[in-house]
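K.L.:
Take a look at the following structure, please.
Any read-out appearing in this document is the output of simple, stated calculations on the displayed coordinates, not a laboratory observation. Keep in mind that this is a model prediction, so the values were computed, not measured. Heads up, the Cβs are rebuilt from the backbone with ideal geometry, glycines too, and the neighbour counts pull from every protein chain shown.
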There are 2 protein chains.
Amino acid sequence: MEELSFAVDCMGGDYAPSEIVKGCVLAQKDLGYKIYLVGDEVRINPILKKLGEFNNPDLHVIHAPQTIAMDEPPSAVLKKKESSLYTAGKLVRRGEADGLISAGNTGAVLAVGKFVVGAEEEIERPAIAVALPNPRGKTVLIDVGTNVDSKPKHLLQFAVIGHTYAQEILGVKNPRVGLLSIGEEEGKGNELVKETYPLLKQTRLNFLGNAEGTDIYAGTFDVIVCDGFVGNVILKASESLGLAVVSMIKEEIKKSLLARVGAVFLLPALNRFRKKADFTEYGGIPLLGARKPVIITHGKANAKAIRNAIGVAGDFLTKDFNRKLVENIRMLIPQEAKI
Amino acid sequence: MEELSFAVDCMGGDYAPSEIVKGCVLAQKDLGYKIYLVGDEVRINPILKKLGEFNNPDLHVIHAPQTIAMDEPPSAVLKKKESSLYTAGKLVRRGEADGLISAGNTGAVLAVGKFVVGAEEEIERPAIAVALPNPRGKTVLIDVGTNVDSKPKHLLQFAVIGHTYAQEILGVKNPRVGLLSIGEEEGKGNELVKETYPLLKQTRLNFLGNAEGTDIYAGTFDVIVCDGFVGNVILKASESLGLAVVSMIKEEIKKSLLARVGAVFLLPALNRFRKKADFTEYGGIPLLGARKPVIITHGKANAKAIRNAIGVAGDFLTKDFNRKLVENIRMLIPQEAKI
């Protein structure tokens, strides 16, 4: 394989540009990739100089004068063609870079992923998958936000996309696929679920039937399929619950000296847990089904998270993810389930 | 007010009948209510005798020979007219009891609540609300499971039902109401949300706009309205996340002696937190909009949880909840928002 190159949006995220630039340097050194650092060169160059990497031939600064704020609507972004994000997307579209990484405004990254990078053949709607932790491993929840009011045929594709992600990227053999609903038996759920269930049964996926909310963090399925509205509120509610739990436990700990002493001893264990639960550790969230890897990291991504995200993008290419995805779409969904 | 009486399904739940019967005794003694203990008298009577309460004139055993399993579909339940649950529902329907409490099969309790107890006038669809904990108080999420494929007019009613619950039962003044979506601005979300938003704006509710998943445990809203499919998967995912977090933290703690020592000191604080987070402590989940209080407790409800659930049912009546609910439906939803 030729030397891989990635376009990194250096102006998106809470710690842009310094942590993003540092992450690019780490990725170049650790993984040997060529990196396009896209953004305001007046701000990026001094950081590279300070790191002693200004003359590194595999770190190219591509100047882009505009930036995108965290609250700009995705529609506005597609008009801001001089922004770091849009420019990075164009590099991928033109084949100059092999993938896009951004810690910026999620909606904006998705818009650029879908409309500038574009969808892979056979894929109707690229989808976002997140690998959520459970005591036994990980469960892929797909879609978590790009597609609302999905139709059964979209959920069918999400299932195959999730299957391919679990198998090829996470290394799960014969992933157990479930359809998110509010009861185990076939026939339980809303209209969308009731129509999707018989289609999933016809596929060659390892479809185990309906999954419930309780299955998401229980390790009973490797892939759980849902509409993007549902997946998004679950993902955000989970984040919010995590924060609330930590804050409420801290409140309780403050009330007792003994508990404060206990908390100190517990700290390393809690940190190990946090690391396990933190999906940024694993390199962000991929937009699956785009023509090239598009990785969205948490807004709070630090240098290490950016480096890991670039690593994940590389993984998708070295593992030939898109070719396998297209093959699976063709092989696993029988003609009679295509509606 | 006349002496209140409640019908308690003594055969539903993991610890039935013994914990349920004990809970009835506690409620009768603490709260002075008359209790109908509905179920298999051959199993209930010995427990009452052992507790020295067999001759208590305010504890009436009503024999019902059938029981409902945790996995029986709600449709089957409506045919099982000799079951403890159905019999308890009939006592309420006939006006012999003022409310129904069950720790049994949730779907079955809801079916009996909706079709045997029946809906209050003006209420199109009774809904389940759950008061979720956050660092500053509680957030009511409604609906969490009875109504899937809701229409905008249903969400509008859920908003008023949630408002009335927060105000009258939880004591929140002028509750801040949000519509669950995947973006803050009007126009973000799926079709249902986009159609419901302008209707909610026309009401006299304190409607703050869209809420996101992150708001559910953040204390930014007092009431968050959603379709029952979405609410149900969020509620169950939250439960599952809570269990997974505890299990993963335990795993990490096991790896280090210091952490084990710390955990011992922390235990009382963690238990206080668990109490705060455990909604069974607050007496279960009400089916709001039924003609009389119907309270569903957790399947693992112990005597105290049953006693609290009976207390909550009493609260609904002494606070005249249904009259206020009907008034609010009439007053807060203007004619032009009724579609």
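K.L.:
Return a whole-number percent for the relative contact order of segment A:7-128, with Cα pairs under 8 Å and 6 or more residues apart as the contact set. Before the final figure, lay out the partial values.
P.N.:
Numbers: 200 pairs, mean separation 35.8, N = 122.
Answer for segment A:7-128 is 29 percent.
K.L.:
What does the helix-only formula give at 222 nm for the protein assembly as shown: each DSSP H stretch with n ≥ 4 adding -39500 (n - 2.57), the total divided by the residues, and the result rounded to the nearest 500 deg cm²/dmol?
P.N.:
My calculation for the protein assembly as shown gives -13500 deg cm²/dmol from helical runs alone.
K.L.:
Something else now. Over 14 Å, how big is the tail of the calculated P(r) for segment B:196-254, in percent of all Cα pairs? Don't skip to the end; give the middle numbers.
P.N.:
Numbers: 1160 of 1711 pairs.
So the portion of pairs separated by more than 14 Å is 68 percent.
K.L.:
Per-residue HN-Hα couplings for segment A:51-61, Karplus 6.51 cos²θ - 1.76 cosθ + 1.60 at θ = phi - 60°, whole Hz, x for Gly and Pro?
P.N.:
7, x, 10, 4, 9, 5, x, 9, 10, 9, 8
K.L.:
Would you grab the residues whose amide H sits under 5 Å from the one on A:R176? Only those 5+ places off in sequence or on another chain, please, with H modelled 1.01 Å from N.
P.N.:
The answer is A:D222, A:V223.
K.L.:
What's the average, rounded to a whole number, of partner chain beta-carbon atoms within 10 Å of each residue's beta-carbon in B:63-71?
P.N.:
Mean number of neighbouring Cβ atoms from other chains: 0.
K.L.:
Inter-copy label distances at B:N45, 7 Å along the Cα→beta-carbon direction, one decimal in nm, shortest first?
P.N.:
9.5
K.L.:
What is the spread of the Cα atoms of the protein assembly as shown along each of their three principal axes, largest first, in whole Å?
P.N.:
92, 58, 48
K.L.:
Going by amide H atoms built from the backbone, whose H comes under 5 Å of the H on B:K188, apart from near neighbours?
P.N.:
none
K.L.:
While we're here: HN-Hα J couplings of segment A:4-17 from phi, Karplus 6.51/-1.76/1.60, θ = phi - 60°, integer Hz, Gly and Pro as x?
P.N.:
7, 9, 10, 9, 10, 6, 7, 9, x, x, 5, 10, 7, x
K.L.:
Counting only Cα atoms, I'd like the Rg/Rh figure for segment B:1-95, Kirkwood definition for Rh. Spell out each step's value before the answer.
P.N.:
Values: Rg = 13.1 Å, Rh = 13.5 Å.
Looking at segment B:1-95, the ratio lands at 0.97.
K.L.:
In segment B:1-104, which chymotrypsin sites (Phe, Trp or Tyr not before Pro) fall in coil by DSSP and have 16 or fewer other Cβ atoms within 10 Å?
P.N.:
In loop regions of segment B:1-104 (DSSP not H, G, I, E or B), the sparsely surrounded chymotrypsin sites (Phe, Trp or Tyr not before Pro) are B:F54.
K.L.:
When the convex hull of the Cα atoms of chain B is projected onto a plane and the area is averaged over all directions, what value comes out in nm²? If you can, show how the numbers build up before the last one.
P.N.:
On the way: hull surface 75.1 nm².
Its Cα hull, projected and averaged over all orientations, spans 18.8 nm².
K.L.:
Only Lys, Arg, Asp and Glu count, each charged at its Cβ (+1, +1, -1, -1), so figure out the dipole size of the protein assembly as shown about its Cα centre, rounded to 20 debye.
P.N.:
1300 debye
K.L.:
Using the C-alpha atoms of segment A:148-213, what convex hull volume per residue, in cubic angstrom, is computed?
P.N.:
About 87 Å³ per residue, rounded to a whole number.
K.L.:
Over all residues in A:249-258, what is the mean tally of Cβ atoms on other chains that come within 10 Å of each residue's Cβ? Could you put the intermediate results ahead of the total?
P.N.:
Values: counts 8, 3, 5, 10, 7, 1, 3, 5, 1, 6.
The shielding value for this peptide is 5.
K.L.:
Right, something else. For segment B:129-280, what is the Kirkwood estimate of the hydrodynamic radius, computed as the reciprocal of the mean inverse distance between distinct Cα atoms, to one decimal in Å?
P.N.:
Final number for the Kirkwood radius of segment B:129-280 is 16.7 Å.
K.L.:
Taking the Cα centre of chain B as origin, sum charge times position over the Cβ atoms of Lys and Arg (+1) and Asp and Glu (-1), and report the length of that vector in debye to the nearest 20.
P.N.:
It comes to approximately 660 debye.
K.L.:
Taking the highest mean first, how do the peptides B:100-107, B:176-183, B:134-141 order by number of other beta carbon atoms within 10 angstrom per residue?
P.N.:
Result, highest mean Cβ count within 10 Å first: B:100-107, B:176-183, B:134-141.
K.L.:
Let me check against my output: what whole-number percent is the relative contact order of chain B, with C-alpha pairs under 8 Å and at least 6 apart?
P.N.:
Relative contact order here is 23 percent.
K.L.:
May I ask which residue of A:A16, A:S238, A:F221 lies farthest towards the positive end of the charge dipole of chain A, with charges of +1 (Lys, Arg) and -1 (Asp, Glu) on Cβ and the Cα centre as origin?
P.N.:
Farthest towards the positive end: A:A16.
K.L.:
Evaluate peptide A:179-185: per residue, the Cβ atoms of other protein chains within 10 Å of its Cβ; return the mean as an integer. The partial results should precede the final answer.
P.N.:
Working: counts 0, 4, 4, 13, 6, 1, 2.
Mean shielding count: 4.
K.L.:
Also, I was wondering about something else. May I ask you to list the lysines whose Cα is less than 20 Å away from that of A:K194, ignoring any residue fewer than eight positions away on the same chain?
P.N.:
Answer for A:K194, where 20 Å is the Cα cut-off: A:K151, A:K153, A:K338, B:K151, B:K236, listed by chain and number.
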